[in-house]
Amino acid sequence: MLEKATLRILEKALAHLGSGFEMLPDSVQACDIDKIEDVIMQVAGRMQDNYPYFHPYYAGQMLKPPHPIARAAYMLSLWINPNNHALDGGRASSQLEKEAVAEIAGLFGWESFLGHLTGGGTMANMEALWIAGLLKPGMTVVASEQAHYTHNRVSEVLGLSFRSVPCDDRARMDVEALKRMLDEGDVGTVVATIGTTGTGSVDPLWEIIELKKDYEFRLHADAAYGGYFILVDNLSPETREAYNCLKEVDSIVIDPHKHGLQPYGCGCILYSDPGVGQYYKHDSPYTYFTSSELHLGEISLECSRAGASAVALWATQKLLPLVRGGEFAQGLSKSREAALALYEKVASDVRFRTLIPPELDILVWAPDGESASRISQRAEDLFKAAAADNLHLATFKYPSSLLENTWPDVRFDQPTVTCLRSCLMKPEHYDWIDNIWEILDRVAGKSVLSSG
Ligand SMILES: *Cc1c(COP(=O)(O)O)cnc(C)c1O
């Protein structure tokens with residue numbers, strides 16, 4: 001079940017890598033191979049205690065297996081273990097990072113930009129808000145109430161004030177509400193979410209950009225989850241419109257470890273103005289700058305960073321270039337197709353309720369019921385029953401206030417409704433939709449209907 005063919009390539013590649021250092025006298029790292037085997041077998045046993053994230057029957061949280069090439073390239077680079085903080089720590093991997101990040105910037109049509117990889121989306125968003133706070137001192141950061149909670153928390157860390165903008169019925173930022181906040185005058189930065197973590201909703205970026213004519217604010221796009229969907233050919237026209245104007249924002253966060261087929265530890269921050277590099281300047285007495293070339297440590301908040309992440313990303317993009325119509329883009333289109341297919345099935349079954357049509361590849365839905373509490377209870381039951389049948393979904397607490405128009409027949413007796421959520425991030429999800437539905441159908445018949 002677990003892919004092993006790349007291990008043979010890894011062995012060959014290691015020999016090739018080693019041949020680059022043949023001028024040195026032999027010195028092999030000492031280790032007790034029998035003891036290592038014993039412990040590693042224990043690790044394998046312990047790691048069985050996991051949901052099967054790699055399998056299409058895992059259709060829950062945002063988890064996607066890295067591509068085999070990313071795994072192999074990452075492992076290969078560990079024999080060097082480069083540190084992309086400074087060129088002294090990783091010459092080759094720093095160069096690979098610059099090339100890979102330029103390809104990501106190219107997704108958004110940016111040729112001149114400043115950017116680098118980060119430990120993840122949280123760190124990348126923190127850098128974006130740090131720069132925003134320096135450029136708009138004392139002013140407030142706003143993001144929608146369905147934006148990732150990191151914006152609120154990171155604003156707190158940075159000493160910036162933060163406010164939430166209400167959402168519309170489709171979990172997108174309500175631009176009229178944003179306008180009222182801008183009228184109050186203290187908003188310095190607007191964060192638009194391009195694919196919310198909960199429902200994959202895309203804020204109406206074209207309307208937010210329109211407001212820039214009348215108001216002065218910095219615009220940051222959190223596309224940690226949704227960024228790569230700029231490549232797909234099956235977005236709704238409105239969602240496409242938002243992606244088309246991404247190139248006009250001041251900064252973008254995109255997570256290669258979400259939809260870019262990378263292992264964890266790979267986020268990316270991009271600025272449209274390379275001039276913001278001046279804010280990163282530091283004079284480290286510890287970093288040995290042996291070259292006058294740009295060191296990534298000079299334009300990044302984190303110091304030591306895994307060069308392995310850059311190596312894996314570069315290799316993945318070499319195999320699967322970030323181009324429309326390419327294999328990578330087709331994989332994403334298929335994930336979205338899977339969400340649409342499941343939405344159709346749910347929408348045409350009286351045992352279930354839909355919330356909003358999926359904008360990306362995340363579907364949120366719920367069992368039927370006459371009240372928020374009954375629907376929530378059934379969602380919990382269904383979640384457990386499906387898991388017992390090897391189908392792993394996620395639950396998601398959705399604000400009742402966003403459902404009142406969508407479900408006028410429901411009695412909202414609590415502030416949130418627990419719904420079911422599936423991030424159909426693997427292209428294979430599309431091929432397995434009928435199998436997934438078969439399980440849902442079976443467990444819904446057992447648990448939902450019988451609970452009354
Ligand atoms: C996942 C996510 C984040 C946080 O990124 P991490 O990589 O988990 O640190 C921020 N914003 C959005 C929209 C996300 O989906």
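Numbers at a glance
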{"read-out": "Any chance Leu76 is over 22 Å from Ala310 (Cβ atoms), in contact (Cβ under 8 Å) with a residue 24 or more places away in the chain and in a helix (DSSP H, G or I)", "value": "no"}
{"read-out": "Flag if Val191 is touching a residue at least 24 places away in the same chain (Cβ under 8 Å), surrounded by 19 or more Cβ atoms within 10 Å (Cβ to Cβ) and in contact with an Asp or Glu (Cβ under 6 Å, 6 or more places away or on another chain)", "value": "yes"}
{"read-out": "Meets criteria (more than 20 Å from Asp441 (Cβ to Cβ) and β-branched (Val, Ile, Thr)) for Val364", "value": "no"}
{"read-out": "Pair list, Cβ under 6 Å, 6 or more apart: region 404-421 residue closer than 14 Å to Thr354 by Cβ and assigned by TED's automatic domain parsing to the domain that holds Arg353, other residue among the small types (Gly, Ala, Ser) and crowded, with 16+ Cβ neighbours inside 10 Å", "value": "Val417/Ala372; Val417/Ser376; Val417/Ser400; Cys419/Ala366; Cys419/Ala379; Leu420/Ala379; Arg421/Ala394"}
{"read-out": "Tally of residues being under 23 Å from the mean Cα position of the chain (by Cα) and over 19 Å from Gly138 (Cα atoms) across region 175-204", "value": "13"}
{"read-out": "Helices (runs of 4 or more DSSP H) lying entirely in region 120-184 (those with 1 or more residues that are more than 21 Å from Gly200 (Cα to Cα) and of a type in the set (Gly, Ala, Ser))", "value": "121-135, 150-158"}
{"read-out": "Candidates Leu360, Leu424, Leu402 - the one that is buried (at least 21 other Cβ atoms within 10 Å of the Cβ) and in contact with a Phe, Trp or Tyr (Cβ under 7 Å, 6 or more places away or on another chain)", "value": "Leu360"}
{"read-out": "Filter result for Ala105 (assigned to a helix (DSSP H, G or I), in contact with an Asp or Glu (Cβ under 8 Å, 6 or more places away or on another chain), away from the ligand (no atom under 16 Å from the Cβ) and in the same structural domain as Ser309 (by TED's automatic domain parsing))", "value": "yes"}
{"read-out": "Qualifying residue in region 143-158 (condition: among the aliphatic types (A, V, I, L, M) and away from the ligand (no atom under 16 Å from the Cβ))", "value": "no"}
{"read-out": "Val165 within 16 Å of the ligand (Cβ to nearest atom) and within 20 Å of Ser401 (Cβ to Cβ)", "value": "yes"}
{"read-out": "Subset of region 212-232 that is of a type in the set (A, V, I, L, M) and within 14 Å of Val142 (Cα to Cα) - its residue that is surrounded by the fewest Cβ atoms within 10 Å (Cβ to Cβ)", "value": "Leu219"}
{"read-out": "Residue check for Glu3: assigned to a loop (DSSP other than H, G, I, E, B) and under 25 Å from Pro256 (Cα atoms)", "value": "yes"}
{"read-out": "Yes/no for Ser373 being farther than 14 Å from Leu355 by Cα and either at pLDDT below 95 or hydroxyl-bearing (Ser, Thr, Tyr) (or both)", "value": "yes"}
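The values are calculated or read from the model by the stated rules, or taken from the named source; none is laboratory data. Predicted model only: the values in this text are computed from it and were never measured. Quick reminder, even Gly has a Cβ in these numbers, built from the backbone with ideal geometry, and neighbours come from all protein chains shown.
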